[in-house]
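Peer 1: So that we are looking at the same thing, I have put the structure below in structure tokens.
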Amino acid sequence: CTSATCPTTGISGQFGQAAQFDGVDDYVSETLPITLTTGVGVTQTGQSFTVALWAKRTSTGRLDMAVGQGTNSTNRGLHLGFRDNNTFTCAFFGNDLTTVAAYTDANWHHWACTFEADTRARVIYRDGVIVAKDTATAPYQGNGSLFIGKTPWGNPFKGALDEVSAYDRALVADEVR
């Protein structure tokens, strides 16, 4: 981020300090790409991964993406966060897993999205409990910097984020808890 787009840091988080995102232009991005796929270019294939985070929203009824990577084209754009109907999504852009339930409280919650490449099983956990699962129609095939607080194409998060983590494997339920 640059000074104008950096979130406010040092606020009280779930564990120690967190970052507060303004929902307008705040974000953080990794300078080195985090690889969630294998291969190169159009021959990329999915690999197993988990993205997990603690989130505390300050408003509801808006598109709030906590994490994003890739481009806004089918199976090449990873985005995790809230849709404007308050459901939570683990989406590969056009190949999305979204919760049925809507979540409108303003408390801290732990969210995790796991993807197992061999079976294409995708799971969303909220506070260690499975809240949605499916079999993705294709693996995630995007790449590039991982954005925290938005997607590369926008959709900024309004609220606090803490302990954002990416793993190169699908964590099992006990590990997520």
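Peer 1: Looking at VAL176, VAL164, which one is touching a His at 6+ places or on another chain (Cβ under 9 Å) and either under 18 Å from ILE124 (Cβ atoms) or surrounded by fewer than 14 Cβ atoms within 10 Å (Cβ to Cβ) (or both)?
Peer 2: It is VAL176.
Peer 1: Can you spot a residue in the range 96-119 that is under 25 Å from GLN20 (Cβ atoms), of a type in the set (D, E, K, R) and either open to solvent by 60 Å² or more (accessible area, probe 1.4 Å) or assigned to a strand (DSSP E or B) (or both)? First the steps, then the outcome.
Peer 2: At the first step, the residues of the range 96-119 found to be under 25 Å from GLN20 (Cβ atoms) are 99, 102-113.
Now drop any that are not of a type in the set (D, E, K, R), which leaves 105.
Then keep just the ones that are either open to solvent by 60 Å² or more (accessible area, probe 1.4 Å) or assigned to a strand (DSSP E or B) (or both); that gives none.
No; the residues of the range 96-119 include none that is under 25 Å from GLN20 (Cβ atoms), of a type in the set (D, E, K, R) and either open to solvent by 60 Å² or more (accessible area, probe 1.4 Å) or assigned to a strand (DSSP E or B) (or both).
Peer 1: Restricting to the range 84-122, what's the tally of residues that are out of contact with any Asp or Glu (no Cβ under 8 Å at 6 or more places or on another chain), of a type outside the set (S, T, N, Q) and under 16 Å from GLN69 (Cα atoms)?
Peer 2: Matching residues across the range 84-122 total 8.
Peer 1: Which residue pairs have Cβ atoms under 7 Å apart, sit 6 or more places apart or on different chains, and have a first residue in the range 136-148 that is within 16 Å of GLU116 (Cα to Cα) and a second that is open to solvent by 40 Å² or more (accessible area, probe 1.4 Å) and of a type outside the set (A, V, I, L, M, F, W, C)?
Peer 2: From residues that are within 16 Å of GLU116 (Cα to Cα), the pairs are ALA136/ARG120; PRO139/THR45; PRO139/ARG120; GLN141/ARG76; GLY142/THR71; GLY142/ARG76.
Peer 1: Next question. Evaluate the range 29-37: report whether one residue or more is open to solvent by less than 50 Å² (accessible area, probe 1.4 Å), at pLDDT 95 or above, under 16 Å from the mean Cα position of the chain (by Cα) and small (Gly, Ala, Ser).
Peer 2: Within the range 29-37, not a single residue is open to solvent by less than 50 Å² (accessible area, probe 1.4 Å), at pLDDT 95 or above, under 16 Å from the mean Cα position of the chain (by Cα) and small (Gly, Ala, Ser).
Peer 1: Tell me, which residue of the range 51-86 that is of a type in the set (Lys, Arg) and touching a residue at least 60 places away in the same chain (Cβ under 8 Å) is surrounded by the most Cβ atoms within 10 Å (Cβ to Cβ)?
Peer 2: This residue is ARG57.
Peer 1: Can you name the residue in the range 127-145 that is among the hydrophobic types (A, V, I, L, M, F, W, C) and part of a loop (DSSP other than H, G, I, E, B) and is also most open to solvent (accessible area, probe 1.4 Å) among such residues? First the steps, then the outcome.
Peer 2: At the first step, the residues of the range 127-145 found to be among the hydrophobic types (A, V, I, L, M, F, W, C) are 129-132, 136, 138.
Checking which are part of a loop (DSSP other than H, G, I, E, B) leaves us with 136, 138.
Working: ALA136: 1, ALA138: 18 Å².
Ranking the candidates gives ALA138 first.
Peer 1: Let me ask you something else. Give the number of residues within the range 154-177 that are within 17 Å of CYS90 (Cβ to Cβ) and not in a strand (DSSP E or B).
Peer 2: The number of residues fulfilling the criteria is 10.
Peer 1: Now a separate question. Only one of ILE124, ILE148 is under 12 Å from the mean Cα position of the chain (by Cα), within 21 Å of THR8 (Cβ to Cβ) and buried (at least 16 other Cβ atoms within 10 Å of the Cβ); which?
Peer 2: On inspection, the qualifying residue turns out to be ILE148.
The values are calculated or read from the model by the stated rules, or taken from the named source; none is laboratory data. Fair warning: this is a prediction, and the values are worked out from it, not measured in the lab. With ideal geometry, Cβ positions are generated from the backbone for all residues, glycine too; neighbour counts draw on all protein chains shown. The area values use the complete protein model at the heavy-atom level, side chains included, leaving out ligands, DNA and RNA. Shrake-Rupley method; radii C 1.70, N 1.55, O 1.52, S 1.80 Å.
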